[in-house]
Amino acid sequence: MRFLFKTLLVSCALATALLFWWRPAGELMSLKPVDWAALYEKQYTFRSSTLSQPLAEFVHERMYEKQHTFRLSTRYRPLAEFIREEIEGKVSRIEGDSAQTWRESHFPRSRDITPQAVYFNPADVYMKKLEQQGYLEIRSHGSIDHLSYIRLDATDLDRGNIPNSLRFPYRTQALSIFALVFIFLGLMWLRPGKPDLVGQSSVANGCKFFLALLIGGVALVVLPFLYFGGERHKGMEAMVIGSCIITFSIIGLAIYGYLAAAVSKLIRGEGLLAHWIYDPDEWRQYTELNFRVERSKLRLLAFISLIILCVSGSFCLTEENQAAVWVFVFLLGILVLIWLTALVAPWLTYRRNLRGSGQVFIGKKGIYLNGTVHTWGLPGSRYESVEYMETPVPGLVFVYSYLMTVGQSLSFVRQYVTVYVPIPKGKEQEGKDVLDTFNADKR
């Protein structure tokens with residue numbers, strides 16, 4: 001199935017690019033200037049409350065008593081000793097003018113600015129030798145500054161002030177992959193090539209869709225391992241959804257792969273009853289006729305939808321309830337979606353028929369009509385009947401059905417499909433032979 005190569009390549013590239021785009025950094029270092037005076041005050045001073053005046057006075061008296069008791073029971077330490085005991089065994093030291101310059105460039109001194117955490121790549125200068133958590137001491141010309149640091153893993157990066165360039169360091173690679181994909185698609189658009197009959201069929205489109213969906217499901221399963229390193233219970237939602245998508249995609253890919261193989265055999269002549277190639281003018285005449293028939297069906301659908309809309313709208317709008325209005329809006333949205341689908345589908349079929357090769361393959365288990373595949377060889381589907389028509393254009397009318405579920409009870413009903421296959425001029429006898437073959441098999 002060579003027609004899947006481009007879909008496979010583009011889907012894998014896009015999934016890889018998206019995973020790179022949202023993949024966070026494995027680790028980041030968070031550094032923040034230490035305000036020792038504030039920490040020292042917090043250690044030895046109880047703060048007053050911002051409560052109402054009577055309650056604040058009562059709380060202040062109790063806090064003063066606790067503060068006095070605390071100071072009597074606690075050994076008083078000078079600030080220098082307090083700092084030395086706090087950083088003991090947890091400090092890394094750097095010295096020199098370059099270190100001081102680095103400090104001032106990232107942590108400017110200003111009393112008007114509250115010290116904020118700054119984030120660094122663990123591979124950056126001065127970061128490589130830091131432990132999991134502690135203090136970085138910077139000495140230069142007799143001055144000593146301290147920065148508290150902590151090493152953050154990917155699960156701790158959900159913070160608003162981390163620059164995206166640090167939080168998502170792989171976005172440059174993602175942009176490169178996106179660019180290559182767009183260049184590849186541009187080249188394919190400029191030089192599209194000519195796909196084979198199977199590659200331009202509706203079955204091939206189904207295979208491409210489920211293949212792309214399968215790759216998306218695999219990406220969802222891989223996603224938690226990129227974000228959380230495969231830690232248990234983290235990202236389980238994405239893995240469950242991805243597993244469901246993978247299962248659904250494999251089933252769909254298996255069905256459409258089977259149909260693609262069946263169409264390939266039919267085109268090669270296995271079980272083939274008739275193969276007709278239409279004259280361009282003859283095929284265009286059929287295309288125009290089919291488009292007019294589909295548009296007439298659309299008018300009937302629009303009329304029925306309009307009646308449903310008027311009845312439901314009159315009922316909902318007479319109810320003095322906001323919920324009824326929202327129900328009416330919801331119904332209106334569904335009908336608009338149905339109308340848009342009904343408008344676009346015939347036009348797409350008309351456009352594909354004009355661009356197609358204008359040929360049909362009729363087999364015992366299905367029909368290939370200018371890229372559209374109809375089959376009754378799948379479980380639950382069956383051939384019903386075929387008739388020969390003289391007007392408006394000589395052709396065979398096939399009817400087949402397949403099972404579908406409806407209602408809350410999921411009961412099975414048969415959905416019937418009618419396929420009109422025009423017969424080219426001079427091939428009327430072959431058409432009648434096909435009719436006799438189907439009628440003989442049914443007997």
What residue, among those in segment 7-43 that are among the aliphatic types (A, V, I, L, M) and not in a helix (DSSP H, G or I), is modelled with the lowest pLDDT?
ALA25
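This table checks each residue for (1) surrounded by fewer than 11 Cβ atoms within 10 Å (Cβ to Cβ); (2) modelled with pLDDT under 70; (3) assigned by TED's automatic domain parsing to the domain that holds ARG151; (4) over 24 Å from VAL125 (Cβ atoms).
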position: THR45; (1), (2), (3), (4): no, yes, yes, yes
position: THR69; (1), (2), (3), (4): yes, yes, yes, yes
position: ILE94; (1), (2), (3), (4): no, no, yes, no
position: GLN100; (1), (2), (3), (4): no, no, yes, no
What's the total number of residues in segment 350-379 that are among the basic types (Lys, Arg) and touching a strand residue (DSSP E or B) at 6+ places or on another chain (Cβ under 9 Å)?
3
Can you report the number of residues in segment 259-298 which are surrounded by 15 or more Cβ atoms within 10 Å (Cβ to Cβ) and not in a helix (DSSP H, G or I)?
7
The listed residue being surrounded by 17 or more Cβ atoms within 10 Å (Cβ to Cβ), without any contact (Cβ under 8 Å) to a residue 40 or more places away in the chain and not hydrophobic (A, V, I, L, M, F, W, C), out of GLY217, GLY206, GLY186, GLY199
GLY217
So, in segment 400-430, exactly how many residues are modelled with pLDDT under 90, small (Gly, Ala, Ser) and touching a strand residue (DSSP E or B) at 6+ places or on another chain (Cβ under 8 Å)?
1
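The values are calculated or read from the model by the stated rules, or taken from the named source; none is laboratory data. None of the values given here were measured: they were computed from a predicted structure. Here the Cβ is made from the backbone with ideal geometry for all residues, glycine too, and neighbour counts use every protein chain on show.
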